[in-house]
Every structure is written in C-alpha cells, then in structure tokens.
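Bear in mind these aren't lab numbers, they're just calculated from the coordinates by the rules spelled out. In this text, all values refer to a predicted model and were calculated from it rather than measured experimentally. Cβ placement follows ideal geometry from the backbone for every residue including glycine, while neighbour counts extend to all protein chains displayed.
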Amino acid sequence: MLNDLLQIKKVREGDIKTFEEIFRKYYSPLVFFSVSITRRMDVSEEILQDLFYVLWRDRANLQILRSLKAYLYSAVRNRSLQFCERKKLDNNYRESLESPDVEVDGMDPQQSMEYMELESVINKTMERMPERRQQIFRMHRFENKKYMEIADILSLSVKTVEAEISKALKTLRKEIEYHTSVL
C-alpha cells in the first residue's frame with residue numbers, strides 16, 4: 001500500500017518511468033480480466049489503452065485512496081460492464097428496428113412504411129458517425145442521460161458533449177432533408 005502511494009505520487013508529478021512500470025505490470029492481467037467480461041480482446045485492449053491514457057492525462061488530479069491494483073481492477077470492471085451494457089442496448093435497438101412485423105399504432109400502411117424508411121436513414125447515418133459521437137448521442141437520446149452524466153461517464157467536458165450532440169443532430173437533419181427531397 002505504501003509502495004502504491006509512492007508510485008501514485010510519482011505519477012502525479014509526471015514521472016513517466018513509474019507510469020510505464022505500472023503499465024507493464026498491470027496491462028496484461030487487466031486485459032484478460034476485461035476479456036472475461038467483454039469476451040472481446042480488441043475491445044478489452046481499447047478499454048485498457050483508454051484507461052491508461054486518461055490516467056496519464058489526468059495524473060495531476062489522481063485521487064487513489066486505496067491500493068492501485070484495486071483501483072485499476074475496479075476501473076476496468078466498470079468500463080467493461082459499460083461496454084457490455086452499451087452493446088446490449090445497441091443490439092436491442094437494432095433488433096427492434098429489424099423486426100419485419102413492426103406495427104406503428106394509428107398509422108396506415110403508407111405512413112408506417114415512411115416511418116420505417118426514416119428509421120433506416122437515421123440508423124445508416126448514425127453508423128457513419130464517429131464512434132464517440134454515436135455513443136454520446138445514444139446515451140443522450142436513447143438512455144435519457146443528461147449532458148453532465150455523459151461527461152462524467154466518458155471523462156469529457158460538458159462543452160464537448162454539447163458539441164458532439166449538436167454535430168450529430170446537424171448531420172441527421174441534413175440526411176433527413178436530403179432523403180425527403182429525393183422522395
């Protein structure tokens with residue numbers, strides 16, 4: 001524990017060698033821990049790379065009050081579970097859109113078909129957006145998270161979240177306008 005506190009202090013002060021030691025010591029076990037949750041090596045490696053990037057970027061404000069190992073495992077578990085939850089929500093959303101017998105209450109067949117076409121345009125547009133923008137937009141629109149919640153979860157500023165949502169909406173508006181003008 002004392003060694004952890006000393007390492008954390010050194011990292012906070014910008015000691016890259018200490019940070020590299022921590023990285024080398026924990027990277028592989030943490031990746032395999034993440035894989036046990038996500039079942040995907042590529043995703044787990046990305047989770048770890050992002051975690052260590054954020055640790056280095058925010059090193060001056062690092063507040064680890066327990067063991068470094070416990071902190072890292074907890075952070076990886078949370079990020080891995082967030083990925084699984086996001087994937088589950090995305091799959092549920094896709095399944096609901098791909099269901100051929102989707103009926104929209106109170107709509108005649110023509111309106112229902114137009115609605116499904118619009119959903120298709122929205123989904124295709126979303127798939128072309130950068131991953132972070134998609135994630136932020138989905139969290140806001142489909143999970144009803146507030147800008148501040150999203151910023152906290154993704155370690156971003158509220159302004160960045162606002163900007164990404166604004167860009168997503170602008171892109172969606174353009175695509176919908178284009179699609180409706182073509183019809």
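With point charges of +1 on the Cβ of Lys and Arg and -1 on the Cβ of Asp and Glu, referenced to the Cα centre of the chain, which listed residue (Val43, Val11, Thr125) lies farthest in the positive direction of the dipole?
Selected residue: Val11.
If you take every residue apart from Ser80 with its C-beta less than 14 Å away from the C-beta of Ser80, what net charge results, scoring Lys and Arg +1 and Asp and Glu -1?
Values: positive: Arg39, Arg40, Arg77, Arg79, Arg86, Lys87, Lys88; negative: Asp42, Glu45, Glu46, Asp50, Glu85.
Surrounding charge for Ser80 is +2.
Just tell me, in residue order, which DSSP H segments of the chain are both 20 angstrom or longer along the helix axis (alpha-carbon based) and at least 0.0 in mean Kyte-Doolittle hydropathy. Write down the numbers at each step before the final one.
Working: long enough: 16-38 (30 Å, 0.42); 41-57 (24 Å, 0.24); 68-98 (44 Å, -1.03); 109-128 (29 Å, -0.99); 158-182 (36 Å, -0.38).
Qualifying helices, which must be both long enough and hydrophobic enough, are 16-38, 41-57.
Between Lys69 and Asp42, what FRET efficiency follows from the Cβ-Cβ distance if R0 is 41 Å, with the result rounded to 0.05? Numbers along the way, then the final one.
Numbers: r = 24 Å, r/R0 = 0.59.
With R0 = 41 Å, the Cβ-Cβ based efficiency is 0.95.
Quick check on packing: order 117-124, 135-142 by the mean number of other C-beta atoms within 10 Å, highest mean leading.
Values: 117-124: 13.5, 135-142: 18.8.
Taking the mean over residues of other Cβ atoms within 10 Å, the ranking is 135-142, 117-124.
Which of the residue pairs Lys25/Lys87; Lys124/Lys174; Lys124/Lys145; Lys124/Lys167; Lys124/Lys146; Lys9/Lys69 have a Cα-Cα distance greater than 18 Å in the structure shown?
Distance filter (> 18 Å) returns Lys25/Lys87; Lys124/Lys145; Lys124/Lys146.
What value, in deg cm²/dmol to 500, does the helix sum -39500 (n - 2.57) over DSSP H runs of n ≥ 4 give at 222 nm once divided by the residues of the chain?
On the way: 8 runs with 146 residues, N = 183.
Theoretical 222 nm ellipticity from helices: -27000 deg cm²/dmol.
On full extension of the chain, what length is gained from Asn78 through Ile176, given 0.36 nm per residue of separation minus the C-alpha to C-alpha distance? Each step should come with its number before you reach the end.
Details: separation 98, 0.36 × 98 = 35.28 nm, distance 3.60 nm.
31.7 nm is the gain from fully extending Asn78 to Ile176.
Report, in debye and to the nearest 20, how large the dipole of the chain comes out about its Cα centre when Lys and Arg carry +1 and Asp and Glu carry -1 on their Cβ. Walk me through the numbers on the way to the answer.
Working: 31 positive and 30 negative charges, 262 e Å.
Charge dipole of the chain: 1260 debye, to the nearest 20.
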